[in-house]
Each structure stands twice: as C-alpha cells, then as structure tokens.
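Just so you know, all these numbers are worked out from the coordinates, no wet-lab data involved. As the structure is a prediction and not an experimental result, all values here were calculated from the model. All Cβ positions, even for glycine, are placed from backbone atoms using ideal geometry, and neighbour counts span all protein chains on display.
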Amino acid sequence: MSSSTTGRPLRADAERSVRAILEAAERVLTENPTASMEQIAEASGLARTTVHRRFSSRQALVDALAASAARQLAQAIEEAYPEDAPPLVALHRATANVLRVKGAWSFALGPAAAQSAQAAELHEQIDHRCLELLDRARTGGVFAPDADLDWIRRVLYALIGESLHGAAPAGSDAGSDADPEALAARIVGTLLHGLGA
C-alpha cells in the first residue's frame, strides 16, 4: 500500500508542524507575552495559514501549549518511577526531571497559560501523584510520621520555582545553577534538613 493512501506521512507531518508551532510559541511568548499568531508563525518557519489551520485562535494555541507542557510535566514525574524506586531516589529524580521541563517551558507552565481547562486537570493529577510519592516517603521514614503532606508539596513547589527564578538558561555555562541534578540535590536537601546548623 502506498504512503499516499495510508495517510501516515501526512499525520507525521502534521505532528511535526504542531510541535514546531508549540516550540516557536514558547520562545516568542516568553520574550513577548502579547505576541501575535503572525509572529509565532514567522518564528515557526511555517505559513500563517498552516498555523491557523492547526489552531483556530491565539487562545486555542496558548491552551494547547499549556496542555502539552503539563503532559510533559506529568511524564517527567512518571519517568522517576514514583511507585517503584526508593522514595528518596524517586523524589530526587522527579525533582530533576521537573526542573528540566519547567526550565524549557516557562511560559507554558506559567500563570499566563494557566486558563486552559485541560492543563488545569493535568496539574490536579500531577499534584495527586506528587502527594502519593510524598506519602510513600513519609511511610518510608523520609519525613516525620505526622508531617503535613500538602505543606511539604507546597514547599517543594516553591523551592523548585525559586530555583528556576533567575537561574541560568539551560545549556549555558553557569555551573550548578543550571544543572538540574545539582539543583534537585539542593532542593531535596533543603526540604529534608532546612538551613539550620
């Protein structure tokens, strides 16, 4: 059967187009949150008609961007094997993985893109998975038996956010400030031991 009758190349081409548009939207909107669809199309290297065919409006594009980033965030947590790895190992891996995703998709995971209903649902699932991991850690003695898991989750999120705020861009030569593994070790260490002597 020829590829023209199966439709597979077209589907793969459409997926590549969508990926190019979303990546361009992240770059452009990070620099200019009010950028137009035309500016995003230009940055993607695709025709405006292609962008408008994939996304009916600018808001539809932003919603898709937010949902795509949230899916990557959820996948980053799953790749830490939160149910199988030792809890402390999974916590470190998940933190490093989340840092990588959040560093790459700062606009899509920021407040400007937070109106997407699909992204909001994914973030609820992420919160639930995080609480499950923290509960395993508490059961395993990583945290005190009476530790408030929701408070730990909120502190963890805050530490991740502050670590990324003002951090050097990924790929730059800025030592541990740009290294997700080193940042994760610092975050988990602070979460477990605080800053006291």
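Here the 3J(HN,Hα) profile of region 130-147, calculated from phi with Karplus coefficients 6.51, -1.76 and 1.60 at θ = phi - 60°, is 5, 5, 4, 5, 5, 5, 4, 5, 5, 4, x, x, 5, 10, 4, x, 9, 5 Hz, Gly and Pro shown as x. Using θ = phi - 60° in the Karplus curve 6.51 cos²θ - 1.76 cosθ + 1.60, the 3J(HN,Hα) couplings for region 44-52 round to 7, x, 10, 5, 4, 5, 5, 5, 5 Hz; x is entered for Gly and Pro. Each of Glu132, Glu26, Glu31 was scored by other Cβ atoms within 10 Å of its Cβ. Arranged with the fewest first, they read Glu31, Glu132, Glu26. Ordered by the number of other Cβ atoms lying within 10 Å of each residue's own Cβ, fewest first, Leu91, Leu164 fall into the sequence Leu164, Leu91.
Given the options Pro87, Pro33, Pro145, state which has the largest fluctuation in a GNM of the chain using a 10 Å cut-off (strictly under) for Cα springs. Judging by the Gaussian network model, the answer is Pro145. Normalised radius of gyration (Cα atoms, divided by 2.2 N^0.38 Å) for the chain: 1.18. Of Ala85, Ala119, Ala178, the residue with the greatest mean-square motion in the GNM of the chain, using alpha carbon springs below 10 Å, is Ala85. Helical content of the chain, expressed as a calculated mean residue ellipticity at 222 nm, amounts to -22500 deg cm²/dmol (DSSP H runs of 4 or more residues, -39,500 (n - 2.57) each, divided by residue number, nearest 500).
Size of region 54-154: Rg and Dmax of its alpha carbons, in Å, are 15.1, 51.
Hey, fewest Cβ within 10 Å first, where do Ile187, Ile160 land in order?
Working: Ile187 24, Ile160 18.
Ordered from fewest to most neighbouring Cβ atoms within 10 Å, Ile187, Ile160 come out as Ile160, Ile187.
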